[in-house]
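One structure below.
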Amino acid sequence: MEAAVVGLFGLDIPSNVPYLVVDGGEAVFIDPGSARPEFFEVVQAKAKKVIDLKRITHMIVQHQDADLCAALPIFEKLVSPDCDIAAPLEANVMLRHYNTKKDIKTLNDGETLTFGNGRTLTFLMTPYCHFVGTMVTYDSQTKTVFSSDAFGGFTPDNRLYADTEFYPSQLTLFLGEYLGSKRALEYLIKRFELLDRESGIDLICPQHGCAIPKELIPVYLETAKNLKVGQQIDSLAKKYGITLDGRD
């Protein structure tokens, strides 16, 4: 499959969603997933249906959580021996504890990766959404943003695309629980709006939940703008009679 973006959906157990970007007989693996056998074996089988794993030449990690990158040292044995592994600086510091053989390259805001027949991915830092070393990845060919945890949701099934009936509440539950900074969320939203104006966004592909098609992106940007985050802090502060000044 050439010039393709493939989300390895359809896991029998809810997990993160790894992605393969394939072009010119070469592939980039974004967030390869968990090391637990019930997750890894499904991802491995689905990836093999798309491409020979030896043709995966880059593995990209958008932040350090184990559910999306603990499989790195396992896949490292299966992909191209020249495969690079790369992540944001702060995530890089944590990823070395997963015991990969290769050094992990550091990615900076605005840095690009060109592979295959000249396809370009651009890495945009989105700190504190929800980890300081978090980024998103933009594929200029398909105008797809691989959005890390941003715009992810808790979903009860394996539907591929978001809707307007159920997914807004699922996204609200997920981001409201995992994001602690409204300021960080505001930056991310405005960065997406800027990217859309400059280059266009046709699809948002989060690590959890459903992909958001172009026609629904404005709906979800507005949902995110109205989101309340960090409510566990407010709950604990109330429990102990602690007054917070409200600054974020």
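The values are calculated or read from the model by the stated rules, or taken from the named source; none is laboratory data. In this text the structure is predicted, and so the values were computed from the model without any measurement. Note that we place each Cβ from the backbone using ideal geometry, even for glycine, and neighbour counts take in every protein chain shown.
Okay, here's what the table says:
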quantity: Inter-residue pairs, beta-carbon under 6 Å, first more than 21 Å from L216 (Cα to Cα) and in region 126-148, second outside any loop (DSSP other than H, G, I, E, B) and of a type in the set (D, E, K, R), 6+ apart; calculated: V132/E90; G133/E90
quantity: Enumeration of residues in region 52-69 that are more than 14 Å from Y19 (Cβ to Cβ) and either at pLDDT below 95 or part of a helix (DSSP H, G or I) (or both); calculated: L53, K54, R55, H63, Q64, D65, A66, D67
quantity: Selection from region 198-211 of residues that are closer than 19 Å to Y178 by Cα, not in a loop (DSSP other than H, G, I, E, B) and not small (G, A, S); calculated: I204, C205
quantity: Single condition T122 does not satisfy, out of (1) surrounded by fewer than 17 Cβ atoms within 10 Å (Cβ to Cβ); (2) farther than 18 Å from L68 by Cα; calculated: (1)
quantity: Scan of region 149-192 for residues that are more than 17 Å from the chain's Cα centre (by Cα) and of a type in the set (F, W, Y), ordered by number; calculated: F166, Y167
quantity: Cβ-Cβ under 6 Å pairs, at least 6 apart or on other chains, region 164-183 side touching a residue at least 24 places away in the same chain (Cβ under 8 Å) and closer than 10 Å to G152 by Cα, far side basic (K, R) and loosely packed, with under 14 Cβ neighbours inside 10 Å; calculated: none
quantity: Residue in region 188-210 that is in contact (Cβ under 8 Å) with a residue 24 or more places away in the chain and more than 24 Å from T122 (Cβ to Cβ) present; calculated: no
quantity: The lone exception for G180 - which of (1) at pLDDT 90 or above; (2) closer than 30 Å to R96 by Cα it fails; calculated: (1)
quantity: Counted residues, region 21-43 - those being surrounded by 14 or more Cβ atoms within 10 Å (Cβ to Cβ) and either under 23 Å from V136 (Cα atoms) or touching a Gly at 6+ places or on another chain (Cβ under 7 Å) (or both); calculated: 16
quantity: Extreme residue, nearest to F166 (Cα to Cα), among residues of region 195-220 that are of a type in the set (G, A, S) and at pLDDT 95 or above; calculated: G200
quantity: Unique residue being modelled with pLDDT under 95 and basic (K, R) when the list is K49, K77; calculated: K49
quantity: Meets criteria (assigned to a loop (DSSP other than H, G, I, E, B) and acidic (D, E)) for E222; calculated: no
quantity: So M94, is it touching a strand residue (DSSP E or B) at 6+ places or on another chain (Cβ under 7 Å), more than 23 Å from Y161 (Cα to Cα) and either at pLDDT below 95 or among the aliphatic types (A, V, I, L, M) (or both); calculated: no
quantity: Region 227-246 - residue that is in a loop (DSSP other than H, G, I, E, B) and at pLDDT 90 or above and, of those, surrounded by the most Cβ atoms within 10 Å (Cβ to Cβ); calculated: I242
quantity: Selection count where residues are among the acidic types (D, E), out of contact with any strand residue (DSSP E or B) (no Cβ under 8 Å at 6 or more places or on another chain) and crowded, with 16+ Cβ neighbours inside 10 Å, scope region 134-165; calculated: 1
quantity: Candidate set: region 63-114, residues that are in contact with a Pro (Cβ under 9 Å, 6 or more places away or on another chain), loosely packed, with under 14 Cβ neighbours inside 10 Å and among the charged types (D, E, K, R); chosen: the one farthest from G133 (Cα to Cα); calculated: K101
